[in-house]
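First the structure, in the form of C-alpha cells, and then the observations on it.
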Amino acid sequence: MLTVGHNDVLAAFAATGRHHPYLAFTLNSLCNLDCVFCKPRCMPDYGHKDRPLSIADYAAIAREAGTWQVKKAHCSGGEPSLRADILDVIGVLADGLGPDASIGMTSHGNLRKGLSVEQFQQAGLTYLNVSLHSLDPARSSTIMGGGDPRQARTTIDTALALGLSVKINCVLQRTYLNDAFEVAELAKSLPIAVRLIELQNIGPAQALFDAEFVSEAEARGQLTKWFADAGEVSRGDLGVRSPGRYLQPMGWAGSIGFISNSSCATCSDANRIKITPTGVARPCILHNRDLSLKPHLANDTLSDAFGHLFRAMLERNSNEAWQGYHYVDYDLRWDRMERPEGAPVLPLLPVAGADTGRLCAARLPQPGEEQ
C-alpha cells in the first residue's frame, strides 16, 4: 500500500521525466569462465565470505519494491545460473513485482547442467541478456576462458522460441574486432538487440586497455554501410536503460546499439539500484550512499530503506556530476571492495545494527586533478 511519503517521492521522481528506478541484483561473484576483461577470480571479494541474501529476503525486497511501483528486476553475477536456488530467486522476484513486471538475467549462455531456458521462462523470466564475444569456438574460448559459443547460440534460439526478449552483450577489443562485428551481424536475421560495449579502463581490463580499446566512434566508422539507411529503435521498445542509440539497418530483424562508458559516459538518466549478494543497496557507483538492507529486513523497515534509495536517485538532478560525464568508476558488483569515503550527503537512517559509517559520499575529482 502506498503511503503519503511514497506518493510524494514518486511524484517528485515522475516530475524529472527520468525512467523509474529498477532493481539490479548481483546474485554471486562466482563464474565458471574467466573473461580476459573481467577475471572475477582475481578480485579480492571473489567467492563471498559473507552470508548472501536468502529466498525470503529476495521475496521481501521485491514485495516492497512493488509498492514503490518498481516493475523491473535484473539478475547478474558472476554467472547467476551457478546459484543452486536461481529458479527460486527468479520466481519470488516475479511474484513480488507482479504480473506485468520485467524480470531479466545476464548469462554467458552456457547454463549450469540441469537447467534449461524453459525452466527460467516458467519461473518468470521475461528477457535474457547473453554475453557473447566471438562465434568462433577457439577464439571465444581465448576471450572467455572457456565455454562454447554454439551452446550460447542454442540458448539464444531457445529463448526467442519461448517468446523471451534477447539482448547480446559483446565487448569491443581491437584483436577481436571482426569477431564483434560477426556477433553484431546476428541481428540481421534474429529479432535481438546487440550491444557493442567499449572496454573500460578498470579492474583486470586495465592491462588490456591501451592496446585493445576501440571507441564507439571508430566502430561506427567501420559500420557505415550498415547504418547508412538505418532506422532508430527506442530504448523503451527494447526495454534497456543504457543511453546509447539503437539502430536497425534496413531489412534487419534486430538492432545494434553501443554502451560507451569510456568515450561518452553519462549517467544523468541512470535508474539502476544495484543490490549486491549480501544485500548492500547502491544507488550510485560514484557517490557512496550505500545502504545495508539486512537490518531493514530484520526490523521490517524496508519502506524507510527504499525512501532513502529513491531520494538518493532524485538528488542526481541537483548534482552537476550526475548531469554529464563521470570520471571515476569502481567495480562494485559485489561486496568486499573498499568504498571511498567523504562527507555524508544524506541523513543517515537510524537503524539498529546498521554500519552507518559506510553511508557516505565519494569525493569526485576536480578539474585538473589526477584521476
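The table below lists the values:
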quantity: Scope the stretch 116-169; condition part of a helix (DSSP H, G or I), open to solvent by 50 Å² or more (accessible area, probe 1.4 Å), closer than 30 Å to Val92 by Cβ and polar (S, T, N, Q); matching residues; calculated: Gln119, Gln121, Gln122, Gln151, Thr154
quantity: Extreme residue, farthest from Pro277 (Cα to Cα), among residues of the stretch 55-71 that are charged (D, E, K, R) and open to solvent by 40 Å² or more (accessible area, probe 1.4 Å); calculated: Lys71
quantity: So Ala24, is it in a strand (DSSP E or B), modelled with pLDDT under 95 and within 28 Å of Asn7 (Cα to Cα); calculated: yes
quantity: Sole exception among (1) surrounded by fewer than 19 Cβ atoms within 10 Å (Cβ to Cβ); (2) touching a Gly at 6+ places or on another chain (Cβ under 8 Å) for Ile103, by number; calculated: (1)
quantity: Conditions (1) assigned to a helix (DSSP H, G or I); (2) over 17 Å from Ala62 (Cβ atoms): number failed by Arg289; calculated: (1)
quantity: Among residues of the stretch 182-198, those that are open to solvent by 20 Å² or more (accessible area, probe 1.4 Å) and part of a helix (DSSP H, G or I), counted; calculated: 3
quantity: Close pairs (7 angstrom Cβ cut-off, 6 or more residues apart or separate chains): in contact (Cβ under 8 Å) with a residue 24 or more places away in the chain in the stretch 86-103, hydroxyl-bearing (Ser, Thr, Tyr) anywhere; calculated: Val89/Tyr58; Val92/Tyr58; Leu93/Tyr58; Ser102/Thr126; Ser102/Tyr127; Ile103/Thr126
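Every residue, every condition in (1) touching a helix residue (DSSP H, G or I) at 6+ places or on another chain (Cβ under 6 Å); (2) modelled with pLDDT of 75 or more; (3) within 22 Å of Leu172 (Cα to Cα); (4) open to solvent by 40 Å² or more (accessible area, probe 1.4 Å), yes or no:
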{"site": "Asp210", "(1), (2), (3), (4)": "no, yes, yes, yes"}
{"site": "Glu218", "(1), (2), (3), (4)": "no, yes, yes, yes"}
{"site": "Gly231", "(1), (2), (3), (4)": "no, yes, no, no"}
{"site": "Pro243", "(1), (2), (3), (4)": "no, no, yes, yes"}
{"site": "Cys264", "(1), (2), (3), (4)": "no, no, yes, yes"}
{"site": "Pro283", "(1), (2), (3), (4)": "yes, yes, no, no"}
{"site": "Arg289", "(1), (2), (3), (4)": "yes, no, no, no"}
{"site": "Lys294", "(1), (2), (3), (4)": "no, yes, no, yes"}
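The values are calculated or read from the model by the stated rules, or taken from the named source; none is laboratory data. Keep in mind the model is a prediction, meaning the values are calculated, not measured. Here Cβ is always computed from backbone atoms with ideal geometry, including for glycine, and neighbour counts include all displayed protein chains. The accessibility values were calculated without ligands, DNA or RNA, using every heavy atom of the protein model including side chains. Shrake-Rupley method; radii C 1.70, N 1.55, O 1.52, S 1.80 Å.
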